[in-house]
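Read through the structure below, which is laid out as structure tokens, and then see the notes.
The values are calculated or read from the model by the stated rules, or taken from the named source; none is laboratory data. From a predicted model like this one, the values you see are computed outputs, not experimental measurements. Reconstructed Cβ throughout: ideal geometry from the backbone, glycine too, with neighbour counts over all protein chains shown. Side chains included, ligands, DNA and RNA excluded: accessible areas come from the protein's heavy atoms. Shrake-Rupley method; radii C 1.70, N 1.55, O 1.52, S 1.80 Å.
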Amino acid sequence: MKLVSAIIRKEKLNDVLTALFDAEIYGVTVSKVQGHGGETEQVETYRGATVKMELSEKVRLDIGVTESFLERAVQTILASARTGEVGDGKVFVIPLEKVYRIRTGEKDARAVTPVLVGG
Ligand SMILES: Nc1ncnc2c1ncn2[C@@H]1O[C@H](COP(=O)(O)OP(=O)(O)OP(=O)(O)O)[C@@H](O)[C@H]1O
Ligand SMILES: [Mg+2]
């Protein structure tokens, strides 16, 4: 299993959530975050040149997936979050040791796969 942790533009959140839903990826955590993408701007200070680090508001999506959903999740985010301009964000793929569903005590693959109500 992997945790797909994507930092995206907040303006792209709806597009990405819709694309994930269409790809049958339903479980997601959304957080507001602040970040910096490495772009630096030189500013003058009384002690000489320094570097200005302005934080921008971004959104983070965290999605736990089994290996069979990993490529689909990543490609869906890459396609739906992209504008082509600097600052589109990043996708991190992190090893995921254990997942438990609290209600049932199920773990791992059985716990990350959503239960469709009425399905
Ligand atoms: N190395 C990193 N580690 C953690 N978070 C990062 C890293 N790089 C970027 N981020 C996060 O992603 C957000 C968007 O970064 P950004 O899109 O500028 O990445 P980038 O790699 O510089 O791409 P681009 O070339 O399009 O600017 C940042 O505000 C920050 O929250
Ligand atoms: Mg950047």
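Data for the structure
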item	result
Gained length - residue 78 relative to residue 109, 0.36 nm times residue gap less alpha-carbon distance	8.8 nm
Whole-number accessible area per residue in Å² for the chain, which is evaluated in the context of all protein chains at 1.4 Å	70
Cut-off 9 Å between beta-carbons: net charge of the residues surrounding residue 58, Lys and Arg +1, Asp and Glu -1	+3
Low-density loop cleavage sites - trypsin sites (Lys or Arg not before Pro) in the stretch 72-113, where at most 13 other Cβ are within 10 Å (DSSP)	98, 103
Cα gyration tensor shape of the chain, rounded if a/c is under 1.5, else prolate or oblate by comparing a/b with b/c	prolate
Amide hydrogen neighbours beyond the local backbone of residue 96, cut-off 5 Å, H modeled	2, 3
With every protein chain in place, the chain: carbon and sulfur % of accessible area (1.4 Å)	53
